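Here is the structure we will look at.
The values are calculated or read from the model by the stated rules, or taken from the named source; none is laboratory data. Please read all numbers here as calculations on a predicted model, not as lab measurements. Glycine also receives a Cβ, built like all others from the backbone with ideal geometry; neighbour counts cover every protein chain displayed.
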Ligand SMILES: [Zn+2]
């Protein structure tokens, strides 16, 4: 797909991957972990293929909710935000995520960029002063129309909104409605998958209103001051969304110019409207190109229920890591969901998946191959001679897997990419049964053939590790270590089959990559 290549100034292929900013009054859970794990997988995938890749995550730290939570904790808002943001960051670091920058909306360069863009849009006449009255929910930090309320109450908080009338600054969003419609017509994959593009087109059938973008300091001081009126701070949209620009703008004009048009935002569907409508119109007003794709995923339920504190069913990434390992958790989330659709998390299903795909299928392939290599040849890799059609068939199965994996990840079909890789490992396991090296080895005259079969299996392990590396990076690194190859062996494209192991190369003895989990050990 040519739209995926992100060719930049010098022809280098690039991609810029972002998570949403996480709001510091919530803790990392399955939903936030899912978005960032997808981004990490995508970033690793393109990095492995030699792309200039930039991967951004961070925290959203301004606003009424934070200033109230800080007051409740008897802390200044910045100290509160420092503490919670650090906790977020510590979680993601413990998960082994490979982001290039962790941005905070309180970072000085971000404050500067927000003020520059506000001033520019103001100077161009797209921000004006006006008065606004409406029903306001402090929990949501937004005004509601009568139509949006449920029996007069905020649908999220079940509380009665208060009528607030005040003077504020507004962004002329309505002015950009036609241009946004045209952009969606011209670029059918601007918003993916298509169901969300259709949702946005439906929203755009109604006239857009201008967007209130400020709060008087008298009511809320914890925010970025408007550069053209120090009685106000900017509110949510210019403060938060511009982070995507700040992070790459700091890399200098050339890299910014090359990376920005390749921006791939990943979000959950609850923040579709601000990312699909507010953000592109803001970019138009700021004279910046639109992002390449807005990629929208669904929600996770847990055993069929919405995750909530009151139900006590919040799934925390570090708990899952402690229980099963981060790779197993990553694998199951990516394998059990279809990007864009809702998915259900069940720990029993997770255990079944780990045992079947990781312990049995992949784990056995690694341990059988390496233990035969030890038993028959003391770990020394043998020359590939006497190559037969069944050997070529296994190579072709891996070539197919590599091609499908590439296509499916570019189309965000991560579960299909994993299926394709595991079809190849299935094939390799069957190849062991059918070629029966353990039987052939009883006849010394057949040892050269056994050596060839094992050489082909070692190449299968190597290519499995390469293809699986974006999804289960620790496991791929362990396989490469067992093969006694350097970490660079995971880069793509790698050497051809038969050319990866120099003469006399020795591989290591097997270890269990994924111990089988007894199903009764979980709840
Ligand atoms: Zn509310």
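Summary table below
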| read-out | value |
| --- | --- |
| Qualifying residue in segment 156-166 (condition: more than 16 Å from the ligand (Cβ to nearest atom) and on the phi < 0 side of the Ramachandran plot) | yes |
| Selection status of residue 423, under 38 Å from the mean Cα position of the chain (by Cα) and surrounded by fewer than 21 Cβ atoms within 10 Å (Cβ to Cβ) | yes |
| Every residue from segment 336-348 that is over 24 Å from residue 411 (Cβ atoms) and within 22 Å of the chain's Cα centre (by Cα) | 346, 347 |
| Selection count where residues are more than 22 Å from residue 256 (Cα to Cα) and buried (at least 16 other Cβ atoms within 10 Å of the Cβ), scope segment 275-312 | 9 |
| Flag for residue 172 being away from the ligand (no atom under 16 Å from the Cβ), surrounded by 15 or more Cβ atoms within 10 Å (Cβ to Cβ) and closer than 27 Å to residue 123 by Cα | yes |
| So residue 191, is it surrounded by 13 or more Cβ atoms within 10 Å (Cβ to Cβ) and farther than 28 Å from residue 66 by Cα | yes |
| Of the criteria (1) more than 15 Å from the ligand (Cβ to nearest atom); (2) in contact (Cβ under 8 Å) with a residue 60 or more places away in the chain; (3) within 29 Å of the chain's Cα centre (by Cα), which one residue 194 fails | (2) |
| Qualifying residue in segment 233-247 (condition: surrounded by fewer than 17 Cβ atoms within 10 Å (Cβ to Cβ) and either in contact (Cβ under 8 Å) with a residue 60 or more places away in the chain or more than 29 Å from the chain's Cα centre (by Cα) (or both)) | no |
| Subset of segment 376-399 [part of a helix (DSSP H, G or I) and either without any contact (Cβ under 8 Å) to a residue 60 or more places away in the chain or loosely packed, with under 13 Cβ neighbours inside 10 Å (or both)] | 389, 390, 392, 393, 396, 397, 399 |
| Residue list for segment 271-306, restricted to those being in contact (Cβ under 8 Å) with a residue 40 or more places away in the chain and either out of contact with any helix residue (DSSP H, G or I) (no Cβ under 9 Å at 6 or more places or on another chain) or assigned to a strand (DSSP E or B) (or both) | 271, 293, 294, 295, 296, 297, 300, 301, 302, 304 |
| Residue within segment 265-274 that is under 23 Å from residue 13 (Cα atoms), at pLDDT 95 or above and either crowded, with 21+ Cβ neighbours inside 10 Å or in contact with a strand residue (DSSP E or B) (Cβ under 9 Å, 6 or more places away or on another chain) (or both) present | yes |
| Residue within segment 488-500 that is free of Cβ contacts under 8 Å to residues at least 60 places away in the same chain, outside any helix (DSSP H, G or I) and at positive phi present | no |
| Which numbered condition residue 113 misses (of (1) buried (at least 16 other Cβ atoms within 10 Å of the Cβ); (2) farther than 30 Å from residue 320 by Cβ; (3) out of contact with any helix residue (DSSP H, G or I) (no Cβ under 6 Å at 6 or more places or on another chain)) | (3) |
| Some residue of segment 32-46 being part of a loop (DSSP other than H, G, I, E, B) and under 24 Å from the mean Cα position of the chain (by Cα) | no |
| Test: residue in segment 493-507 that is at pLDDT 95 or above, surrounded by fewer than 20 Cβ atoms within 10 Å (Cβ to Cβ) and touching a helix residue (DSSP H, G or I) at 6+ places or on another chain (Cβ under 8 Å) | yes |
| Given (1) surrounded by fewer than 17 Cβ atoms within 10 Å (Cβ to Cβ); (2) under 20 Å from residue 303 (Cβ atoms), index of the condition residue 337 fails | (1) |
| Selected residue [outside any loop (DSSP other than H, G, I, E, B), without any contact (Cβ under 8 Å) to a residue 24 or more places away in the chain and within 30 Å of residue 431 (Cβ to Cβ)] from 349, 402, 322, 328 | 349 |
| Tally, over segment 356-375, of residues that are closer than 17 Å to residue 462 by Cβ and either without any contact (Cβ under 8 Å) to a residue 40 or more places away in the chain or not in a helix (DSSP H, G or I) (or both) | 0 |
| Candidate set: segment 116-149, residues that are within 16 Å of the ligand (Cβ to nearest atom) and modelled with pLDDT of 90 or more; chosen: the one surrounded by the fewest Cβ atoms within 10 Å (Cβ to Cβ) | 149 |
| Where residue 74 falls short, out of the listed (1) part of a loop (DSSP other than H, G, I, E, B); (2) touching a helix residue (DSSP H, G or I) at 6+ places or on another chain (Cβ under 8 Å) | (2) |
| Filter result for residue 105 (closer than 20 Å to residue 282 by Cα and more than 16 Å from the ligand (Cβ to nearest atom)) | yes |
